[in-house]
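The values are calculated or read from the model by the stated rules, or taken from the named source; none is laboratory data. None of these values were measured; they are calculated from a predicted model. Note that each Cβ is placed from the backbone with ideal geometry, even for glycine, and that neighbours are counted across all protein chains shown.
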Amino acid sequence: MPNVPNVLGVPLLSSYGAAAPVLLIADTALIISRALQPQWGIYNTNGTPYIASSLASLLGLGSLASALNTFSSLLIGQNISDLFSVVDFEFKRDWTVSDYPVEQGGFQSYDKVQTPFEGRMRVCAGGNLVNRQALIDKVDTAANSLNLYTIYTPEETYINANITHYDYARKADRGAGLIMVDIWLSEIRITSTAAFGNTQQPGNASQVGLGNAQPGPSAPMGSLVVQ
């Protein structure tokens, strides 16, 4: 053990002896928990990652044990660039203000309405063909479905979004082994559904007699009868 002088401002080494393993485990757990938190990406409504760049979603981690196993695989040669990564995100929200004409050719505005938000997320995948194909397949499957997704960013979370468009391009100046996919998402407003009951069958109704109908006076052509 090194000789540390017992002076003011210098902690004793013996004070860290028993607590060192506990502090190391706590620091490791904190680092892993922060890495597993959702940062950027598209998540299912139940909170599981679909396309995202946080470590948990990229590797499909479901527990701390699998996270440690994945860290080990990274240390023995797996390239972190082979995973999905969100590299760009844009968001917009608009409001519509209606106008109606008034006297002397003027207009007056009323009824400001918020329209559904729109977002664009750019996700890239590199490394091998399998990883690039996996990204395209996941985006295409989601775009062809009616599923709702949650957009996670470090600052905000946007719920009930559906993929309405995606495209990608391959360019030589971006690297032969890299693909970038732009994903457009729009907010889906969830409204209450109407409940309908079974209608009555007209044939089941009993006949009701209203008496004999008496014919009224006929009106001559071109005249109006007021009864």
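Values as computed for the structure displayed
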{"read-out": "Exclusive hit being surrounded by fewer than 17 Cβ atoms within 10 Å (Cβ to Cβ) and either in contact (Cβ under 8 Å) with a residue 24 or more places away in the chain or closer than 22 Å to GLY41 by Cβ (or both), set VAL130, VAL123", "value": "VAL130"}
{"read-out": "Only listed residue being at pLDDT below 90 and surrounded by 11 or more Cβ atoms within 10 Å (Cβ to Cβ), chosen from SER57, SER109", "value": "SER57"}
